[in-house]
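Undergrad: A single structure is presented below for examination.
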Amino acid sequence: MIPRKKILGVLSTYDESDLKIATICSHSALQIFHGARLEGFGTLGIALRRNRPYYESFPRASPEMVLEVESYRDVLRRDFQEKLISENALIIPHGSFVEYVGGESILEYFAVPMFGNRLTLYWEGDRERQRRWLTEAGVKAPRRYSSPSEIDRTVIVKLHGAKGGRGYFKASNPGEFEEKLRELRSRGSAGEFDEVLIEEFVPGVRYYPHFFITPLESPNLPNLSYGRIELLGIDRRLEVVDEIHRGLPEIVEDYLDYTVTGNIPVVVREKFVVDLLDAAARIASASRKLFDPGLIGPFCLETIYHPERGFTVFEISARIVAGTNLYPLGSPYSAYYYDEPVSMGRRIAKEIRKAMKLGALDKLIY
Ligand code: AMP
């Protein structure tokens, strides 16, 4: 793993007056560039040749400079990294950046300064470690099953490597689990050695709140050991299974597909804002205990509300999520923090600007 000291060494060579906010042209890049431009930063997009003209077609969100790649993994090449560094590029990691470049490769080989704490890649990328994090935070999480023989209620089965919910299925007993897994394998939808995660299926209403934590300010919530947390929006993912009544997915009956296809805006009943902020505070505090300096910048909790059990957190995304794309001009919650329209992308840029003014950019980078 590249030590933080080394990355901060690279950062110390940067000309901050020419800092460029950079990311791969995918996922939430338009929002990130849009926000960076509003805060007066230069922008640098890393794009596949085919995608370049499309990203350049948005007058207010196109990156000012584009570096073309054949494959996103090219960003790991030494000469490419040197180019990024010579441009004073500060990478904003998003879901596609992590997925295409690979969490482990980033940790081992990517020496370009990134916004946030890259140790989150290590902690969220592994389901066991993420479980430890949720336990340390003391938030409610779905029960995990270490063996199919223990299945005693409805479970959701997640295949490792299944991208974004594809091929997940429900089962209510060990026999049903075996039968469905066998069928997925026979159809080639699951490999013989794929890791299988069995988790209690939590019924209820899903909410995906988007938070930003700044370590540059003092705690503003109970149970928060550092930083200030802002709730900048909430979405719900629109998954194929949500349309099952319309005949989708066109797969064997009973097999559900949780692939994300879009996002819809949500506001939560106001008293629940308290529960969501409390969970965010606990998760941030636990992050600092587990991997100092903990969460920095955007993160999202994937939650399900059940009338008797309250909120269950089934996943933490420790970076900007695509659901924030709903709010390029702010959300029903960002209005309570800012007098101007502030998206998550813009919030990131504001944070960088503020740290530069304080001479504390290193606090936000690994
Ligand atoms: P994930 O890959 O963990 O983000 O899950 C993808 C989707 O599966 C979620 O957005 C939910 O719709 C659903 N899901 C995941 N875990 C659970 C759970 N424990 N109970 C019910 N639904 C779940």
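The values are calculated or read from the model by the stated rules, or taken from the named source; none is laboratory data. Small disclaimer: the values here were computed from a predicted structure and weren't measured. Please note: Cβ atoms are built from the backbone with ideal geometry, for glycine as well, and neighbour counts cover all protein chains shown. Calculation scope for accessible area: heavy atoms of the full protein, side chains included, ligands and nucleic acids excluded. Shrake-Rupley method; radii C 1.70, N 1.55, O 1.52, S 1.80 Å.
Undergrad: Pick from the stretch 178-219 the residues that are of a type in the set (D, E, K, R) and within 16 Å of the ligand (Cβ to nearest atom): which of them is nearest to the chain's Cα centre (by Cα)? Step through it out loud before you land on a result.
TA: Our first condition is that a residue be of a type in the set (D, E, K, R); within the stretch 178-219, this holds for 178-180, 182-183, 185, 187, 192, 194-195, 199-200, 206, 217.
Within this subset, residues satisfying the condition of being within 16 Å of the ligand (Cβ to nearest atom) are 180, 194-195, 199-200, 206.
Numbers: 180: 30, 194: 23, 195: 22, 199: 21, 200: 22, 206: 16 Å.
Only one residue tops the list, namely 206.
Undergrad: Then there is this: Does residue 143 count as in contact (Cβ under 8 Å) with a residue 60 or more places away in the chain, at negative phi, open to solvent by 40 Å² or more (accessible area, probe 1.4 Å) and within 11 Å of the ligand (Cβ to nearest atom)?
TA: On the way: in contact (Cβ under 8 Å) with a residue 60 or more places away in the chain: no; at negative phi: yes; open to solvent by 40 Å² or more (accessible area, probe 1.4 Å): yes; within 11 Å of the ligand (Cβ to nearest atom): yes.
Criteria not met by residue 143.
Undergrad: Consider only pairs whose beta carbons are under 6 Å apart and that are at least six residues apart or on different chains; among these, list those whose first residue lies in the stretch 319-330 and is of a type in the set (A, V, I, L, M, F, W, C) and whose second residue is surrounded by 21 or more Cβ atoms within 10 Å (Cβ to Cβ).
TA: 320/28; 320/94; 320/298; 320/344; 321/300; 322/27; 322/28; 326/235
Undergrad: With the structure loaded, tell me whether residue 132 is open to solvent by 60 Å² or more (accessible area, probe 1.4 Å), more than 16 Å from the ligand (Cβ to nearest atom), assigned to a helix (DSSP H, G or I) and assigned by TED's automatic domain parsing to the domain that holds residue 284 or whether it fails that test.
TA: Working: open to solvent by 60 Å² or more (accessible area, probe 1.4 Å): yes; more than 16 Å from the ligand (Cβ to nearest atom): yes; assigned to a helix (DSSP H, G or I): yes; assigned by TED's automatic domain parsing to the domain that holds residue 284: yes.
Criteria met by residue 132.
Undergrad: Still on this structure, I have one more. Taking the conditions exactly as written (modelled with pLDDT of 95 or more, within 21 Å of residue 165 (Cβ to Cβ) and assigned by TED's automatic domain parsing to the domain that holds residue 134), does residue 291 satisfy them or not?
TA: Values: modelled with pLDDT of 95 or more: yes; within 21 Å of residue 165 (Cβ to Cβ): no; assigned by TED's automatic domain parsing to the domain that holds residue 134: yes.
No.
Undergrad: I've got another one for you. Sort out which residues of the stretch 190-218 are in a loop (DSSP other than H, G, I, E, B) and touching a residue at least 24 places away in the same chain (Cβ under 8 Å), and write them in order of number. Give the steps one after another, and end with the answer.
TA: To start, the set of residues in the stretch 190-218 that are in a loop (DSSP other than H, G, I, E, B) comprises 190-195, 201-204, 215-218.
Correct list: 190, 191, 194, 195, 201, 202, 203, 204, 215, 216.
Undergrad: Collect the residues in the stretch 181-218 that are over 23 Å from residue 323 (Cβ atoms) and β-branched (Val, Ile, Thr), keeping them in residue-number order. Spell out how you get there, then give the answer.
TA: Initial filter on the stretch 181-218 (over 23 Å from residue 323 (Cβ atoms)): 181-196, 198, 200, 215-218.
Scanning the stretch 181-218 gives 196, 198.
Undergrad: Continuing with this model, one more query. Out of the stretch 149-169, which residues are at pLDDT below 95 and away from the ligand (no atom under 11 Å from the Cβ)?
TA: Selection gives 161 alone.
Undergrad: Filter the stretch 110-129 down to the residues that are assigned to a helix (DSSP H, G or I) and under 17 Å from the mean Cα position of the chain (by Cα) and list them by number.
TA: Taking the stretch 110-129 as the starting set, the residues that turn out to be assigned to a helix (DSSP H, G or I) are 119-124, 127-129.
Passing the criteria: 119, 120, 121, 122, 123, 124, 127, 129.
Undergrad: Mind listing just one residue for me: the one in the stretch 342-360 that is assigned to a helix (DSSP H, G or I) and over 13 Å from residue 297 (Cβ atoms) and, of those, most open to solvent (accessible area, probe 1.4 Å)?
TA: Within the stretch 342-360, the match that is most open to solvent (accessible area, probe 1.4 Å) is 357.
Undergrad: Can you tell me which residues in the stretch 304-321 are within 12 Å of the ligand (Cβ to nearest atom), surrounded by 19 or more Cβ atoms within 10 Å (Cβ to Cβ) and outside any strand (DSSP E or B)?
TA: Correct list: 321 only.
Undergrad: Look at the stretch 175-218 and say how many of its residues are of a type in the set (Phe, Trp, Tyr), under 30 Å from residue 307 (Cβ atoms) and open to solvent by 40 Å² or more (accessible area, probe 1.4 Å).
TA: Residues of the stretch 175-218 that are of a type in the set (Phe, Trp, Tyr), as a first pass: 177, 193, 201, 207-208, 211-212.
Keeping just the survivors that are under 30 Å from residue 307 (Cβ atoms) gives 177, 201, 207-208, 211-212.
Narrowing the set further to residues that are open to solvent by 40 Å² or more (accessible area, probe 1.4 Å) leaves 201.
Adding up the residues that qualify gives 1.
Undergrad: At least 1 residues that are under 26 Å from residue 360 (Cβ atoms) and open to solvent by 50 Å² or more (accessible area, probe 1.4 Å) in each: list the helices (runs of 4 or more DSSP H) lying fully within the stretch 1-109 that qualify. Give the steps one after another, and end with the answer.
TA: Numbers: elements: 4-12, 29-38, 52-55, 78-86, 95-101, 103-109.
Ranges flagged: 4-12, 29-38, 78-86.
Undergrad: Before we move on, is residue 266 within 18 Å of residue 204 (Cα to Cα), at pLDDT 95 or above and more than 16 Å from the ligand (Cβ to nearest atom)?
TA: On the way: within 18 Å of residue 204 (Cα to Cα): yes; at pLDDT 95 or above: yes; more than 16 Å from the ligand (Cβ to nearest atom): no.
Criteria not met by residue 266.
Undergrad: Tell me, yes or no, whether the stretch 233-249 has at least one residue that is in contact with a strand residue (DSSP E or B) (Cβ under 9 Å, 6 or more places away or on another chain), farther than 30 Å from residue 153 by Cβ and either more than 13 Å from the ligand (Cβ to nearest atom) or not assigned by TED's automatic domain parsing to the domain that holds residue 153 (or both).
TA: Here is the first cut: in the stretch 233-249, the residues in contact with a strand residue (DSSP E or B) (Cβ under 9 Å, 6 or more places away or on another chain) are 233-240, 242-243.
In the following step, the residues that additionally are farther than 30 Å from residue 153 by Cβ were identified as 233.
After this cut, where a residue has to be either more than 13 Å from the ligand (Cβ to nearest atom) or not assigned by TED's automatic domain parsing to the domain that holds residue 153 (or both) as well, the list is 233.
Checking the stretch 233-249: at least one residue is in contact with a strand residue (DSSP E or B) (Cβ under 9 Å, 6 or more places away or on another chain), farther than 30 Å from residue 153 by Cβ and either more than 13 Å from the ligand (Cβ to nearest atom) or not assigned by TED's automatic domain parsing to the domain that holds residue 153 (or both).
Undergrad: If you don't mind, there's one more thing I want to ask. Exactly one condition in (1) farther than 30 Å from residue 288 by Cα; (2) surrounded by fewer than 18 Cβ atoms within 10 Å (Cβ to Cβ); (3) not aliphatic (A, V, I, L, M) is false for residue 239; which is it?
TA: (2)
Undergrad: Could I ask something else about it? For residue 68, state whether it is of a type in the set (D, E, K, R), without any contact (Cβ under 8 Å) to a residue 24 or more places away in the chain and touching a Lys or Arg at 6+ places or on another chain (Cβ under 6 Å). It would help to see each step written out before you state the result.
TA: Values: of a type in the set (D, E, K, R): yes; without any contact (Cβ under 8 Å) to a residue 24 or more places away in the chain: yes; touching a Lys or Arg at 6+ places or on another chain (Cβ under 6 Å): yes.
When the stated conditions are applied, residue 68 passes them.
Undergrad: Here's another thing I want to ask about it. Determine whether residue 284 is closer than 19 Å to residue 140 by Cα, more than 16 Å from the ligand (Cβ to nearest atom) and touching a Phe, Trp or Tyr at 6+ places or on another chain (Cβ under 7 Å). It would help to see each step written out before you state the result.
TA: Details: closer than 19 Å to residue 140 by Cα: yes; more than 16 Å from the ligand (Cβ to nearest atom): yes; touching a Phe, Trp or Tyr at 6+ places or on another chain (Cβ under 7 Å): no.
For residue 284, the condition - closer than 19 Å to residue 140 by Cα, more than 16 Å from the ligand (Cβ to nearest atom) and touching a Phe, Trp or Tyr at 6+ places or on another chain (Cβ under 7 Å) - is not met.
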